[in-house]
Amino acid sequence: MARKSPSIAIVGGGLGGPVLARILQLRGIASTVYELDASIDARHQGGMLDLHEESGQRALRETGLHEEFRKRVHPDGEAMRVLDKTGAVLIDQPAEDGHGRPEIDRRALRELLVGSLDPGRIVWDHKVAGITALGGGRHELTFADGRTTSVDLLVGADGAWSKVRPLLSAAKPAYCGLSFLELSLSDVERRHPESAALLGRGMLFALSHDKGMLGHRHGDGSAGIYVALRVPEDWTVRCGVDWSDAPAARAALLDLFHDWSPELRDLLRSCDDTIVPRRIYAVPTGHSWSRVPGVTLLGDAAHLMSPFAGEGANLAMLDATELGLALVEHGADVEAALAQYEAAMFPRSEAAAAGSAVGLEMCFAEDAPRGLVAFFRGGPDRAPT
């Protein structure tokens with residue numbers, strides 16, 4: 001008698017979780033994605049993503065969504081400018097057709113992935129409150145509302161503060177020494193044409209020692225700015241600034257960047273009222289674990305790193321693709337599939353995490369942005385962000 005297909009729970013409905021569910025769905029394997037958000041519109045999903053040919057775009061081909069993805073890309077998103085704090089333009093690179101890393105709004109990408117799933121495949125408003133090992137590779141999930149479910153395979157795709165990770169590893173995210181203040185400039189071309197001209201059509205890196213402004217134009221006509229500061233972990237709380245008080249927050253940022261060019265400071269002066277502090281964390285480079293029956297991780301749950309390698313979303317989507325294909329290949333032998341997947345994922349993520357750490361130091365070194373300029377001009381075709 002043929003063995004029954006394993007029941008599969010995917011915790012986390014960001015990008016990796018829906019990719020995995022879609023890979024399995026196309027090949028006739030059922031899974032359920034449990035997402036803590038109440039709906040796809042519950043919160044802001046972040047800015048632009050550049051999808052790499054060998055990872056993010058490979059995932060979209062395996063999911064049958066690559067053509068739909070191409071319809072949603074930001075045509076000028078690959079343009080890039082690098083400035084120093086005086087506003088001097090050190091690199092001004094236009095977008096190139098066929099460059100291989102087109103940009104898409106994270107929200108648009110997530111909507112594409114989630115919309116490709118069968119009804120009921122993703123279950124919203126299900127926050128995991130606890131997980132119990134039942135033996136034989138099975139696990140019971142308990143949700144915040146008291147509901148439970150038991151599964152043969154549990155996949156943690158639940159990001160930095162994963163509830164699944166402790167089943168495999170004692171590793172916890174550590175602060176990278178960098179905090180962001182996330183800003184937006186809505187309708188930037190009409191409301192702030194000078195800032196729009198400064199930003200260019202794609203990415204902006206304005207850097208100095210321990211400080212930076214990382215900008216990107218969005219497909220909806222807005223621009224996102226991450227103000228980056230090398231500060232202690234608790235600085236955004238203990239600095240005395242109420243970040244919900246937009247005038248006070250702008251004044252504090254303008255003071256911090258008092259010796260930057262007027263044009264760059266205008267990005268702070270003109271920003272919308274929502275200013276969100278974000279601290280940057282990472283798990284140790286080379287994070288791995290011994291095989292535990294019936295459970296694995298993908299994306300940030302497995303290898304959280306700073307954003308200075310440009311690999312976070314791409315790796316999550318590649319992880320999901322390779323895990324899904326391994327499960328298809330090995331059928332009922334879940335352990336063989338997980339072992340194959342992890343053997344490839346561990347060294348890949350270690351290399352990316354090491355590059356991320358180098359990229360962070362490069363962007364905020366004493367000679368910044370000279371190191372980043374040299375990187376761009378010296379060989380690799382993309383910056384580490």
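The values are calculated or read from the model by the stated rules, or taken from the named source; none is laboratory data. These numbers come from a predicted model, not from an experiment. Note that we place each Cβ from the backbone using ideal geometry, even for glycine, and neighbour counts take in every protein chain shown.
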Could you list, in sequence order, the residues of the stretch 317-335 that are within 19 Å of Gly137 (Cα to Cα), assigned to a helix (DSSP H, G or I) and of a type in the set (Gly, Ala, Ser)? Gly324, Ala326
Do you know which of the residues in the stretch 26-38 that are within 19 Å of the chain's Cα centre (by Cα) and assigned to a loop (DSSP other than H, G, I, E, B) is surrounded by the fewest Cβ atoms within 10 Å (Cβ to Cβ)? Asp37
Every residue from the stretch 191-216 that is farther than 21 Å from Val373 by Cβ and in contact (Cβ under 8 Å) with a residue 12 or more places away in the chain: Arg191, His192, Glu194, Ser195, Ala196
The lone condition Ser222 fails out of (1) at pLDDT 95 or above; (2) surrounded by 15 or more Cβ atoms within 10 Å (Cβ to Cβ); (3) over 21 Å from Cys363 (Cα atoms) is (1)
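If we scan the stretch 336-348, do we find a residue that is farther than 30 Å from Ala30 by Cβ, in a helix (DSSP H, G or I), out of contact with any Asp or Glu (no Cβ under 7 Å at 6 or more places or on another chain) and of a type outside the set (Asp, Glu)? Let's see the steps before the verdict.
Residues of the stretch 336-348 farther than 30 Å from Ala30 by Cβ: 347.
So of that shortlist, the ones also in a helix (DSSP H, G or I) come out as 347.
So of that shortlist, the ones also out of contact with any Asp or Glu (no Cβ under 7 Å at 6 or more places or on another chain) come out as 347.
Filter again for of a type outside the set (Asp, Glu), leaving 347.
Yes.
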Hey, could you check the stretch 144-163 for residues that are touching a His at 6+ places or on another chain (Cβ under 9 Å) and of a type in the set (A, V, I, L, M) and say which is surrounded by the fewest Cβ atoms within 10 Å (Cβ to Cβ)? Ala144
Number of positions in the stretch 42-97 that are within 30 Å of Leu26 (Cβ to Cβ), out of contact with any helix residue (DSSP H, G or I) (no Cβ under 6 Å at 6 or more places or on another chain) and small (Gly, Ala, Ser): 4
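For the stretch 191-200, check the following and say yes or no: at least one residue is part of a loop (DSSP other than H, G, I, E, B), within 30 Å of Ala95 (Cβ to Cβ) and not aromatic (Phe, Trp, Tyr).
Applying the first criterion (part of a loop (DSSP other than H, G, I, E, B)) to the stretch 191-200 yields 192, 200.
Retained after the next criterion (residues that are within 30 Å of Ala95 (Cβ to Cβ)): 192, 200.
The next check asks that each one be not aromatic (Phe, Trp, Tyr); those that pass are 192, 200.
Taking every residue of the stretch 191-200 in turn, at least one turns out to be part of a loop (DSSP other than H, G, I, E, B), within 30 Å of Ala95 (Cβ to Cβ) and not aromatic (Phe, Trp, Tyr).
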Identity of the residue in the stretch 373-385, touching a strand residue (DSSP E or B) at 6+ places or on another chain (Cβ under 9 Å), at pLDDT below 90 and surrounded by 15 or more Cβ atoms within 10 Å (Cβ to Cβ), that ends up farthest from His52 (Cα to Cα): Phe376
Where the second residue is in a helix (DSSP H, G or I) and of a type outside the set (D, E, K, R) and the first is closer than 10 Å to Glu182 by Cβ and lies in the stretch 263-281, which pairs have Cβ atoms under 7 Å and are six or more apart or on separate chains? Ile275/Ala246; Ile275/Ala249; Pro277/Thr236
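Mind checking which residues of the stretch 73-92 are surrounded by 15 or more Cβ atoms within 10 Å (Cβ to Cβ) and either out of contact with any Gly (no Cβ under 6 Å at 6 or more places or on another chain) or under 18 Å from Leu51 (Cα atoms) (or both)?
First, the residues of the stretch 73-92 that are surrounded by 15 or more Cβ atoms within 10 Å (Cβ to Cβ): 73-74, 77-85, 90-91.
Across the stretch 73-92, the qualifying residues are Val73, His74, Gly77, Glu78, Ala79, Met80, Val82, Leu83, Asp84, Lys85, Leu90, Ile91.
Could you pull out the residue among Leu204, Leu264, Leu214 that is assigned to a helix (DSSP H, G or I) and not assigned by TED's automatic domain parsing to the domain that holds Arg70? Don't jump to the end; show me each part of the working.
Working: Leu204 fails: assigned to a helix (DSSP H, G or I); Leu214 fails: assigned to a helix (DSSP H, G or I).
Every option except Leu264 fails the conditions.
In the stretch 71-121, which residue that is charged (D, E, K, R), outside any strand (DSSP E or B) and more than 22 Å from the chain's Cα centre (by Cα) is nearest to Arg265 (Cα to Cα)?
Lys85
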The stretch 349-372, subset assigned to a helix (DSSP H, G or I) and touching a helix residue (DSSP H, G or I) at 6+ places or on another chain (Cβ under 7 Å), residue surrounded by the fewest Cβ atoms within 10 Å (Cβ to Cβ): Gly371
What number of residues in the stretch 192-219 are basic (Lys, Arg) and modelled with pLDDT under 95? 2
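Among the listed residues Gly115, Gly137, which satisfies the condition of being modelled with pLDDT of 95 or more, buried (at least 18 other Cβ atoms within 10 Å of the Cβ), out of contact with any Phe, Trp or Tyr (no Cβ under 7 Å at 6 or more places or on another chain) and among the small types (Gly, Ala, Ser)?
Working: Gly115 fails: buried (at least 18 other Cβ atoms within 10 Å of the Cβ).
That would be Gly137, the only listed residue that is modelled with pLDDT of 95 or more, buried (at least 18 other Cβ atoms within 10 Å of the Cβ), out of contact with any Phe, Trp or Tyr (no Cβ under 7 Å at 6 or more places or on another chain) and among the small types (Gly, Ala, Ser).
Answer yes or no as to whether Glu68 is in the same structural domain as Glu311 (by TED's automatic domain parsing), assigned to a helix (DSSP H, G or I) and touching a residue at least 40 places away in the same chain (Cβ under 8 Å). Don't jump to the end; show me each part of the working.
Numbers: in the same structural domain as Glu311 (by TED's automatic domain parsing): yes; assigned to a helix (DSSP H, G or I): yes; touching a residue at least 40 places away in the same chain (Cβ under 8 Å): yes.
Yes.
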Enumerate the pairs (first residue in the stretch 225-237 and in the same structural domain as Arg265 (by TED's automatic domain parsing) and small (Gly, Ala, Ser); second residue anywhere and surrounded by 17 or more Cβ atoms within 10 Å (Cβ to Cβ) and modelled with pLDDT of 95 or more) with beta-carbon separation below 7 Å, excluding pairs fewer than 6 apart on the same chain, so at least 6 apart or on different chains. Ala228/Leu178; Ala228/Phe180; Ala228/Lys211; Ala228/Gly212; Ala228/Leu214
